[in-house]
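Everything below concerns the one structure shown next.
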Amino acid sequence: MRSGPGVFAALMLLAVIAACGKATAPEPVAPPVAEAAQSVPMPVAGDTRSQLVTDWDFWRADAGQKAGIADVPPTGWQPVTLPHTANIEPRIVNDQWQGDAFYRHVFRPEPDWAGKSVWLRFEGAMNVAEVFVNGARVERHLGGYLPFTVDLTSAASSGEPVEVIVHLDNRDNPVTGPKPLKILDFNMYGGLYREVTLSVRDTLHITDETEAAKPAEGGIFVTYPSVTEHEATIEVQTEVRNAGAEPRFFTVRQKLLRDGTVVDVVQSIEQQFAPGKTQSIPVKLTVDAPALWAPDSPNLYTLVSEIVDGGRVADSRETRIGIREIDISRTSFRINGRKMYLRGVNRHQEYPYVGYAIPPNADYRDAKLIKEAGFDYVRLSHYPPSPHFMDAADELGLLLLDAIPGWQYSSDDPAFVAQVERTCRDMIRRDRNHPSVLAWECSLNESDMSPDLVKRLHTAVHEEYPGPQAWSAGWVPETYDIYLQARQHRLPHPDQVLPNKPYIVSEYGDWEYYAQNAGLAQDSWQNLSEAERTSRQLLSDGEARLLQQALNIQEAANDNRTTRAFADGYWAMFDYNRGYADDLEASGVASLERVTKPSYQFFRSQRDAGETSPHWNGGPMVFIASDWAPGSSLDVRVFSNAEEVTLSHDGKEFARQTPDDGPFTEHLAHPPFTFHLPKFEPGELVASAYIGGQIVARHSVRTPEAPASVVAGLAREGDPAVAGDLLFVHARVVDANGTTVPDNGIEVDLSLEPGLEAVGPVRVPTEHGIAATLVRVVDPGQAGVTGRIVPEEE
C-alpha cells in the first residue's frame, strides 16, 4: 500500500456513487430541514479542523425540465454519498444527461463551533453551481473542475441547524465552455463528483487559497529560491486572516518533516493583526543535503504551518512538498541538473457509468498504470484533474502539464475571457505546491484565441507563480514559454517553423493515422483498409489491428526523437467517450475498463530495465505480442528492454536475437524484437530476455483451445479492497490449460459476493477474451467475484 496519510484516510472514509433516480415534483415548496441528511462529517487526516461531508440528499429534475430552488419537492429526495454523479450513464454515452440537480445537507453546529470561522469547500461541482444557505443564495460559481468555498460562519453562529442546498446545472454554457456537448471531443458529466469539506477554525486562521484577493496569495505558497544537492532554501508564504472582533498577536511557525523526523523549524517575528486584516507572512527554511524530488526518486516532505497565539496553536495546515529545480531550454529539460527526455501520455479521467465521480483509489490506480507503462509525464487534457491524481503523481514520480478546460472553442465575450483567466489563476492556486507540476497549460486547446487572450493567460501564469520556476504552455507558438505542437499539426518539420523556444509534442499517434495526414511512412500501409491502419483499435478488433496500433505508435515515437522536443504525449492513455460520437474513441493503450493492449507493453519496454520502485512495477520485462492462434502473424513481435531475447516453441529454441535494426527503430530506447517463424504450429511460445548473459524475464503464450471456464478478479493493482471504492472486474475466458481464449462476444455471467454491488452489468460479452464491468465495494471482507460462461441456450 502506498504512503500518504491524507490520501489513505480519504480512501477509508469515502463511499461512492449511489444510484440516481427520477422524482416527480409535487407543488414546489421549500424542503423541510428535518428530512435532510444528518451525517456527522468525517475528519480529514492531518487536519483536525477539516472534515469530509460525504452524506447528502439528492434530487434531480426530469429530463427537459428547467428547475430552480423553488421547484425542489419536500419529499422524494434520495440519500447519496460523495463523490456522486447526477446520472448513471450507459457504457457508451451518446446522449449524456444534462439538466438541474440538487444536493442538500443539514449541519447541526456543535457547541465548540461558537466564535469560530466555518466554511465549506467544494472540490468539483459540475458545471454552474448555486449554493443556498437557509434559503438564501450565497454563492454562484462557474466551472466544474476547480474548488470554491462558502462561508457558513454567520449561519452557524446561532447554533440552530444550517441547511445547505446546492443547485447544479451541467447544460452547455457559453461562458464556461469548452464547447457544446454534442460537438465536444469528451464528456463533462455532472454532480457533486468530488469531495466537500467542512472547516471549523479559529477566527485567526490560514486562509483558503481559493479566496485570494491578489495574485500569488492565499493559503500556503511554497517556492524554492535555491536548490542544490548540498543545500536547499524553501520559502513559505502563509496568508493569515483575523476574522474576529479583537486584535490578535501571533507568530507563524513552519516545521518541515521527512518520514516523521523534523528537518527544520523556523518561526516568524511576532505579528499584530487588527480585526479584518489579511496578510501573507513569509518564512524561509534551510535543508542540508536535501532528498530531491524527481521522476525516478519522488522524495516528499511534510510541511506543517502553524499559527501560534500565546503558546497555543490557533490554526495549522499540512502541505506535502517535493524539493526540486527544473530548467527548460530550447534544446533540453533538466531536473536537479540531470537531463531527461520525458516520455508521456494524455489522460481523460472518466470511468464508464459514473463519469468523473471516482474515489481517490481510482485516481491512484490510473497514475500507477501510467507510471508502469513507462511514462514519466502526463498532459492533463483538457481540464484540471482531481487533487487525488495530483497527489498520486507526487508519490509516484509523474510530471504533469496542468491544463484549463478548452477544446476548439473561444469567444471574445468579456464574460468568457474573464472566466478563462479566472480558471487559469484558480488552477495555479490549487496546484502550485505539487512538485509534479511541470508547466501550466493556460491555453484553449486547438482554439482560435485572440492575441489579447493569449497575453492575458501568459501574464496570469507569471503573476500567480512569480520567479524562474514557472512556465506557461500553449498550442500557438507566440507568447507562451513552451510551444505545444501536436504531431498531426506538424506537416513541415518543427525546426523549419518553430520560434526559438522549447516545445513539447503535445499529442501524437492517433489523429495522423486516423486521417492519414502524417506525411511520413504511411504510403507503405495503403493496402490496409481505413479501419485496419488507424490507431483507434478496440480490444475486440483483434491481434492484427492491435499490432498495427503498436506499429503506428512505434513509428511516431521514433519520429518524435528527431525533433528537439523535450517531451511527448501519446494520445491517449485510456479509451474514452465523446459528446459528439456514439462510439468510443479507441486510441487508448488501455480500454475504458483499464484492460491493457499490446501498445501498452511497447511503451513499457521503453523504460530501462534498471528503473524500478517499491511503489510500481518496473525492471526487466519481455512480452510476446501474439495470440499464437491460427491466423496470427508469423512475424512474431516481442517487446523487451533487454539486450537479447530468445524465442522457443514447445521447448525448442527458434532463435536468439538482438533488437530490430530497421525502419522506425533508429531513435528508440529499446526497439522490438521480431522473429520470423516459417509456419504456424500450435503450442507454446516462450520468450526469454537476457541482460549480461543472464535471463532476467520470461513471457509465454499458448495456442488457445476451446473455452472451458472463467477466471474473474478485481483489478485493484495489489491494494486491499477498501469500502466505497470502485473496482473493475476483469474476467478471462480460459481453456482447459488456463490460456485466455481471445474471442469476442462470449457471454460471461458474473456472481458478486455480498461485499460488492454492481454498477455496470453483470452479464458481459468478452472483448479479446476478457469481460469487464464496474463494481462498488461495500464490505471489503466479502469482496469477491466468480464467473461462468453463459450456455448458448440461455
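The values are calculated or read from the model by the stated rules, or taken from the named source; none is laboratory data. Predicted model only: the values in this text are computed from it and were never measured. All Cβ positions, even for glycine, are placed from backbone atoms using ideal geometry, and neighbour counts span all protein chains on display. SASA here: full protein model, heavy atoms, side chains in, ligands and nucleic acids out. Shrake-Rupley method; radii C 1.70, N 1.55, O 1.52, S 1.80 Å.
Per-residue surface analysis assigns Leu303 an accessible area of about 0 Å², computed on protein heavy atoms at 1.4 Å probe radius. For the pair Ala706 and Val265 in one chain, pulling the backbone fully straight at 0.36 nm per residue adds 152.1 nm over the alpha carbon distance. 3J(HN,Hα) along segment 96-113: 3, 5, 9, x, 9, 10, 10, 10, 9, 9, 10, 9, 10, x, 7, x, 7, 6 Hz, from the Karplus curve 6.51 cos²θ - 1.76 cosθ + 1.60 with θ = phi - 60°, whole Hz, x for Gly and Pro.
Taking the Cα centre of segment 225-298 as origin and charging only Cβ (+1 Lys, Arg; -1 Asp, Glu), how large is the dipole, in debye to the nearest 20? Spell out each step's value before the answer.
Numbers: 7 positive and 10 negative charges, 94 e Å.
In total the dipole reaches around 460 debye.
About its Cα centre, how strong a charge dipole does the chain have in debye, to the nearest 20, once Lys and Arg get +1 and Asp and Glu get -1 at the Cβ?
Around 1280 debye, computed over the chain.
At 0.36 nm per residue, minus the direct Cα-Cα distance, what do Lys277 and Thr331 gain on full extension? Give it in nm, one decimal, please.
On the way: separation 54, 0.36 × 54 = 19.44 nm, distance 4.69 nm.
So the chain would gain 14.8 nm between Lys277 and Thr331.
Evaluate E = 1/(1 + (r/R0)^6) for Arg137 and Thr251, where r is the Cβ-Cβ distance and R0 equals 30 Å; express this FRET efficiency to the nearest 0.05. The formula returns an efficiency of 0.15 here. Derived scalar couplings between HN and Hα for segment 333-349 equal 10, 10, 10, 6, x, 9, 6, 9, 9, 9, 7, x, 7, 9, 9, 9, 8 Hz in order, rounded to whole Hz, by the Karplus curve 6.51 cos²θ - 1.76 cosθ + 1.60 (θ = phi - 60°), x for Gly and Pro. Residues whose amide H comes within less than 5 Å of that of Asp264, counting only those at least five positions distant or on another chain, are Leu256 (H built at 1.01 Å from N in the peptide plane).
In order along segment 128-145, the Karplus-derived 3J(HN,Hα) couplings, from 6.51 cos²θ - 1.76 cosθ + 1.60 at θ = phi - 60°, round to 9, 10, 10, 10, 10, 10, 6, x, 9, 6, 10, 7, 10, 10, 9, x, x, 9 Hz, and Gly and Pro are given as x. Its relative contact order, with pairs defined as Cα atoms under 8 Å and 6+ residues apart, puts the chain at 10 percent. Maximal additional length on extending the Asp583-Glu160 stretch stands at 147.2 nm, based on 0.36 nm per residue less the C-alpha distance. Calculate, for Thr658 and Asp95, the FRET efficiency according to 1/(1 + (r/R0)^6) with r their C-beta to C-beta distance and R0 35 Å; round to the nearest 0.05. Once rounded, the FRET efficiency stands at 0.10. The structure shown yields volume of the Cα convex hull per residue in Å³, and of the options (i) 178; (ii) 168; (iii) 196 that calculated value carries the label (ii). Between the residues Gly784, Gln254, Tyr145, the greatest Cα displacement towards the positive end of the dipole of the chain, with unit charges on the Cβ of Lys, Arg, Asp and Glu, is found for Gln254.
Ligands, DNA and RNA aside, Glu229 has an accessible area near 130 Å² when probed at 1.4 Å.
With a probe of 1.4 Å, find how much accessible area the chain has per residue, and write the answer as a whole number in Å². Mind dumping the intermediate values first?
Details: 28810 Å² over 794 residues.
Heavy-atom SASA per residue in the chain reads 36 Å².
For segment 95-165, the relative contact order is 43 percent, taking Cα pairs closer than 8 Å that sit 6 or more residues apart in sequence and dividing their mean separation by the residue count. For the set Glu211, Glu163, solvent exposure ranked by accessible area (probe 1.4 Å, protein chains only) runs largest to smallest as Glu211, Glu163. Taking the accessible area of segment 596-689, probe 1.4 Å, and keeping the other protein chains in place, the carbon and sulfur fraction comes to 48%. Which residues in segment 597-619 place their backbone N less than 16 Å from a point set 7 Å from the Cα of Thr665 along the Cα-to-Cβ direction? Of the residues in segment 597-619, 602, 605-606 have backbone N under 16 Å from the label point off Thr665. Distance between the modelled labels on Asp452 and Asp172, one decimal in nanometres: 2.6 nm (7 Å Cα→Cβ projection). Among the chymotrypsin sites (Phe, Trp or Tyr not before Pro) within segment 573-607, those in coil by DSSP and having at most 15 neighbouring Cβ atoms inside 10 Å are Tyr580.
The label-point distance for Glu229 and Leu634, in a model that sets each label 7 Å from Cα toward Cβ, rounds to 5.3 nm. Measuring r between the beta carbons of Glu757 and Asn500 and using R0 = 51 Å, the FRET efficiency lands at 0.35.
Does segment 257-361 classify as rounded, prolate or oblate by the C-alpha gyration tensor (a ≥ b ≥ c root eigenvalues; a/c under 1.5 gives rounded; else a/b over b/c gives prolate, otherwise oblate)?
Working: a/c = 2.24, a/b = 1.43, b/c = 1.57.
In terms of gyration-tensor shape, oblate.
Computed over segment 548-643, the range of Cα coordinates on each principal axis works out to 45, 42, 33 Å, biggest value leading. When a 1.4 Å probe is rolled over the protein heavy atoms, the share of accessible surface on segment 182-276 that falls to carbon and sulfur comes to 48 percent. Could you tell me how many degrees, from 0 to 90 and to the nearest 10, lie between the Cα long axis of helix 451-464 and the main elongation axis, the longest principal axis, of the Cα atoms of the chain? Long axis of 451-464 versus the principal axis of the chain: about 70 degrees. Solvent exposure of Thr562, expressed as accessible area, is near 60 Å², computed with a probe of 1.4 Å over the protein chains only.
Could you rank Arg140, Arg194 by how accessible they are, 1.4 Å probe, largest area first?
Working: Arg140 125, Arg194 15 Å².
I get Arg140, Arg194, largest accessible area first.
How big is the dipole moment of segment 379-499 about its Cα centre under a simple scheme where the beta carbon of each Lys and Arg is +1, that of each Asp and Glu is -1, and everything else is neutral? Debye, nearest 20, please. Intermediate values should be presented prior to the final figure.
Working: 10 positive and 18 negative charges, 19 e Å.
Approximately 100 debye in magnitude.
Among the GluC sites (Glu not before Pro) in segment 231-303, which ones are in a DSSP loop with at most 11 other Cβ atoms within 10 Å of the Cβ? Mind listing them? Walk me through the numbers on the way to the answer.
Working: sites: Glu231, Glu235, Glu239, Glu270; in loops: Glu270.
When the GluC sites (Glu not before Pro) of segment 231-303 are filtered for loop state and at most 11 Cβ neighbours within 10 Å, Glu270 remain.
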